[in-house]
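**Student:** Before anything else, here's the structure in question.
Derivation of every value follows stated rules applied to the coordinates shown; laboratory data play no part. Since we're looking at a predicted model, the values are computed, not measured. Glycine gets a Cβ as well: all are built from the backbone with ideal geometry, and neighbour counts include every protein chain shown.
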Amino acid sequence: MGSFFLQLWVKVGTLLQPALSWPATDPFTYALRDADSLLRTFGLQDTVSFLRTPHPGIQLMRGQPTTLSAPDSLQWANALYLLLEEKHGLAFVHPRITIRTPHLRPWTTLQAVPRFAWRGFHLHTQHPIELTEPLHDPDFPHAKQLIYEYLDWLARNRQNYFEFCLLRTVDLRRWIPYFQQIVRYARARGLTVGLDLSLRMQQQRAFQLLPRYSLRSKRQRLRSHLRQLATTGISHLNVELTAAEFVGKDWGPWIDSLLRYAHELGLTVLSRQHVVPPEAYAAGTFSPGQLPASLTLCVHSVMCYSLQDTLAPVYRCHNFSHLYETLRTEKNRRTVWYYPETAYWVTFDNSVPVWLLSYLRSRAEDIQLVEGLAEGHLTFSSGWEVGYWLFDWSVARWSWRYQYDTTPTQPHPA
């Protein structure tokens, strides 16, 4: 069989057109060409048609051709990848590995609806994980290729947000034009890009918007850094407001200034409530209720504990009930995201390292618990080694709800 048949065909009216006839200029056409390439790789073929519907989510209907229904072209792209998974058995388990499985559920009609408006991953590049160097160093071997593979993995798993920790060792003069290319590619894949940084966090080389020592005034420093970062094309800043994990800091009117300057540049500002209870700070404190309502709050849990575990004896906590209460109360006055982990890099599970399957249980429970409370689900990832890719891939799939014909499914850790 020639390669002519090993590709994706799209039915437009009464005509069949090869997917490669569309130039890759937006998330939908990128997905068409990517799906075509994946089908060729595995020696498969398919013919699809696309239907625009007003209903949220996506729907697949078997037939000749298979019909993919969605409200817009970005969701058509998501529907394409769902088709590759649920009809052809492809599984995008790892940024560098795609497998094919024969174990598929039978269906005639398949529906999928996102549980959260924002679904994405935070790569904690304050640790030496796979993409720490490629994301900071334009001269790292094959840097862009490695990053693009990860962005492809996010798009194939129907995520729409990506961020990482920017370090203050970065050479902004050389890094900004390099990162502009990465942001352009992410946007073409339907992904929104943010940066995680700080006002003046002392730990782990976090990038500081207000470094302590500078000849310029605080106002000049803040505005200058925000303008520089905005030129990369990012749209979100996840800003650490504490000075260290157990050290709170009252920035007073500077938080209002941060929000005002960022919004002038079209940037959305996020921050987070750490797992540390307010009364447990070694110095200062932190109360989300004191933050302006225009700031998106990411509620951050840690390790393999869930929000409803009766015991989570870490970070001076008895359990995480205070985090769940924050989600319940703050959602009434601001946008909130849930921000859990799929690995804990330091001293807990990969300093040895070990592979704790309880992460799957807690992440599945929490996803079902916070659906309807949180507008976003941001997974704190420590990379893919020691099998952590399985946890990330599972969370990405669970961020959608699926119904096979008339049978809805729930996340299942096994």
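**Student:** Can you return the aspartates and glutamates within cross-link range of Lys218? Criterion is Cα-Cα under 16 Å, with same-chain partners fewer than 8 residues away left out.
**Tutor:** Result set, ordered by chain and number: Asp250, Asp256.
**Student:** Among DSSP bridges having both ends in the range 22-73, what percentage is antiparallel? Round to the nearest 5.
**Tutor:** Antiparallel: roughly 40 percent of the beta bridges in the range 22-73.
**Student:** In the Gaussian network model of the chain, springs joining C-alpha atoms below 10 Å, which of Gly57, Gly372, Gly190 carries the largest mean-square fluctuation?
**Tutor:** Residue with maximal mean-square fluctuation among Gly57, Gly372, Gly190: Gly372.
**Student:** Let me ask you something else. Connecting C-alpha atoms closer than 10 Å in a GNM of the chain, tell me which of Ser382, Ser198, Ser287 has the biggest fluctuation.
**Tutor:** Of the options given, Ser287 has the highest mean-square fluctuation.
**Student:** List the aspartates and glutamates whose alpha-carbon lies under 18 Å from that of Lys87, not counting same-chain residues fewer than 8 positions away?
**Tutor:** Candidates past the 8-residue exclusion: Asp34, Asp36, Asp46, Asp405.
**Student:** Given the Cα-Cα distance of Glu325 and Thr407 and 0.36 nm per residue of separation, how much length would full extension add, in nm?
**Tutor:** That works out to 26.3 nm of additional length.
**Student:** Would you kindly calculate the mean projected area, averaged across all directions, of the convex hull enclosing the Cα atoms of the range 3-114, in square nanometres? List each step's numbers first, then the result.
**Tutor:** Details: hull surface 29.1 nm².
Quarter of the Cα hull surface area: 7.3 nm².
**Student:** Quick one: which residues, 5+ away or cross-chain, put their amide H under 5 Å from the amide H of Thr285? H built at 1.01 Å from N.
**Tutor:** Amide H neighbours of Thr285: Gly248, Lys249.
**Student:** Based on Cβ point charges of +1 for Lys and Arg and -1 for Asp and Glu, what charge dipole magnitude is obtained for the chain about its Cα centre, in debye rounded to the nearest 20?
**Tutor:** Numbers: 41 positive and 34 negative charges, 203 e Å.
The dipole magnitude comes to about 980 debye.
**Student:** Please name which of Leu68, Tyr344, Val269 has its Cα lying farthest along the dipole of the chain towards the positive end, using unit charges on Cβ (Lys, Arg +1; Asp, Glu -1) and the Cα centre as origin.
**Tutor:** Val269
**Student:** Taking the 0 to 90 degree range and rounding to the nearest ten, how far is the long axis of helix 358-370 tilted relative to the main principal axis of the chain, both from C-alpha atoms?
**Tutor:** Roughly 90 degrees between the two axes.
**Student:** DSSP beta bridges in the chain, what fraction antiparallel, as a percent rounded to 5?
**Tutor:** 35
**Student:** Still on this structure, I have one more. Cα-Cα pairs above 27 Å in the range 118-399: how many percent? All intermediate terms of the calculation are to be shown ahead of the outcome.
**Tutor:** Details: 14451 of 39621 pairs.
Result: 36 percent of Cα pairs exceed 27 Å.
**Student:** Then there's this: With a Cα-only, solvent-free Debye model of the range 319-414, what are the log10 I(q)/I(0) values at q = 0.18, 0.20, 0.23 Å⁻¹?
**Tutor:** Normalising to I(0) and taking log10 leaves -0.90, -1.04, -1.21.
**Student:** Using DSSP to define loop residues, name the trypsin sites (Lys or Arg not before Pro) in the range 25-65 whose beta-carbon has at most 15 other beta-carbon atoms within 10 Å. Mind dumping the intermediate values first?
**Tutor:** Values: sites: Arg33, Arg40, Arg52, Arg62; in loops: Arg62.
Answer by residue number: Arg62.
**Student:** Measure nothing fancy, just the Cα-based angle from helix 27-41's long axis to the longest principal axis of the chain, in degrees from 0 to 90, nearest 10.
**Tutor:** Roughly 60 degrees between the two axes.
**Student:** I need the chymotrypsin sites (Phe, Trp or Tyr not before Pro) found in the range 1-96, filtered to DSSP loop residues with at most 13 other beta carbons within 10 Å of theirs.
**Tutor:** Loop-located and lightly packed - none at all.
**Student:** Which is farthest toward the positive dipole end of the chain among Thr329, Leu199, Gly89, measuring Cα position about the Cα centre, with Cβ charges +1 (Lys, Arg) and -1 (Asp, Glu)?
**Tutor:** Leu199
**Student:** Which of His322, His377, His124 ends up with the largest GNM mean-square fluctuation for the chain, with Cα atoms connected below 10 Å?
**Tutor:** Its mean-square fluctuation being the largest, the pick is His322.
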